[in-house]
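Chemist: This is the structure, below, for whatever I ask next.
Rule-based calculations on the coordinates, nothing more; no lab input. Nothing here was measured: the structure is a model prediction, and the numbers come from that model. Cβ coordinates were reconstructed from backbone atoms using ideal geometry, including for glycine residues, and neighbour counts include every protein chain displayed.
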Amino acid sequence: MKDKIKLIRNLILISIPLVVLCVLAYALPMSYMTTEYVMWKEEYENSRAPYTDADTLIIGDSRAKSSVLPGELHDGVYNIGIGGCTPVEMYYAVKNYIDHNGAPERAIIIFAPYHMCDIDNWDQTLYFNFLSAGELMEAYTKALTTNDTIVARHGRLAEMAGYKLRLPSRYLAQMYDAGLVGNKEENLARFDSIRKDLGYLEFGSAAGDDNENYEVHHEEFDSDELVIFYYEKLVDLLSDNNVKVLITQAPVNEASAEAMHPEFTKGFEAYLKELGYRRRYYNMTVESDIPVYPNEFYGDANHLNHRGAERYTEELRKHLDDIGFWAW
């Protein structure tokens, strides 16, 4: 009996450091996470208690986040785009926003075409704990039906549990690198900067970039079934809440436009036109043409620099005025 008590005592003593690490990982993410986390954290909080009372949301991935300056577009605009996300994460972000704050009047959806084909940052989604356990299981269950090899790959359930429990095997290395609280000041400053700019965030700051973007690696529009399911689920969610929607495209640089495979572009445009036809009774405008900007307006191969964002925002503002987007 004494041996059993001693064993239990030793197990408890051994588990205490593990529990402490899990609690610290859960409680202090802004103190040890890299700066990429801040953007996800800001949107996570904004979807539950918005920083501004926005009438119009910019929705999408890093192309949306870095291409549109809300303050220069119109009053009452906020950019809830998230770099690295696909329509899977964005569907839940918008759903949470509507559930907690009510629906906006208008939404502008901008996703890079390649994000209709690739789920390239799902491990980051899990690492940042952006989705609830219920949302993760819903996406995982749907991924099983589409035979998705990313979201529902072998071993994912154990990984999901590890992230939700904040196990040291997932977070200890980053906590160590940051000295537990070493990234706090920088992360808080970045958080405040994103909010000051109404959700806008610059991803590349170079004075120009002539490299090719992610789209050039696709010879055809090999869309991902899970992504398409959530993209259309997002569109339906907005329509069900009487939101006026514009689906439009961010520009690509000249180098990428020249290298993109015609079949990829043709397939992407065909899909959006077909989507617009199937949802023709929605209060929605679908624009599939991809603008091309000179390389000098790019901070990296995939994202406009600030000067490029100013140009695109101004052209988008004029376009929205021309099509009467702000009128209900």
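Chemist: Multiplying the sequence separation of residue 132 and residue 285 by 0.36 nm and subtracting their Cα-Cα distance, what value in nm do you get?
Modeler: The residue 132-residue 285 span can extend by a further 51.9 nm.
Chemist: How far apart, in nm, are the 7 Å Cα→Cβ label points at residue 233 and residue 321?
Modeler: For the pair residue 233/residue 321, the computed spacing is 3.9 nm.
Chemist: Using the Cα atoms of the range 87-218 to build a convex hull, what is its mean projected area in square nanometres?
Modeler: On the way: hull surface 45.7 nm².
Result: a mean projected hull area of 11.4 nm².
Chemist: May I pose another question? Please give the per residue volume of the convex hull enclosing the alpha carbon atoms of the range 228-328, rounded to a whole number of Å³.
Modeler: Dividing the Cα hull volume of the range 228-328 by its residue count gives 117 Å³.
Chemist: Taking a 19 Å limit on the Cα-Cα distance, which of the listed pairs 65/196; 95/273; 142/266; 41/65 fall beyond it? Can you show the working numbers first?
Modeler: Working: 65/196 14 Å; 95/273 25 Å; 142/266 28 Å; 41/65 14 Å.
Violating the 19 Å limit, Cα to Cα: 95/273; 142/266.
Chemist: Continuing with this model, one more query. Considering only DSSP beta bridges where both residues belong to the range 2-322, give the percentage that are antiparallel (nearest 5).
Modeler: Numbers: 1 of 18 bridges.
So the antiparallel bridges amount to about 5 percent of the total.
Chemist: In whole angstrom, how far apart do the alpha carbon centroids of the range 146-195 and the range 114-138 sit?
Modeler: Comparing the Cα centres of the range 146-195 and the range 114-138, I get a distance of 12 Å.
Chemist: Determine by what factor the alpha-carbon radius of gyration of the range 2-322 differs from 2.2 N^0.38 Å, reporting the quotient.
Modeler: Taking N as the residue count of the range 2-322, the ratio is 1.07.
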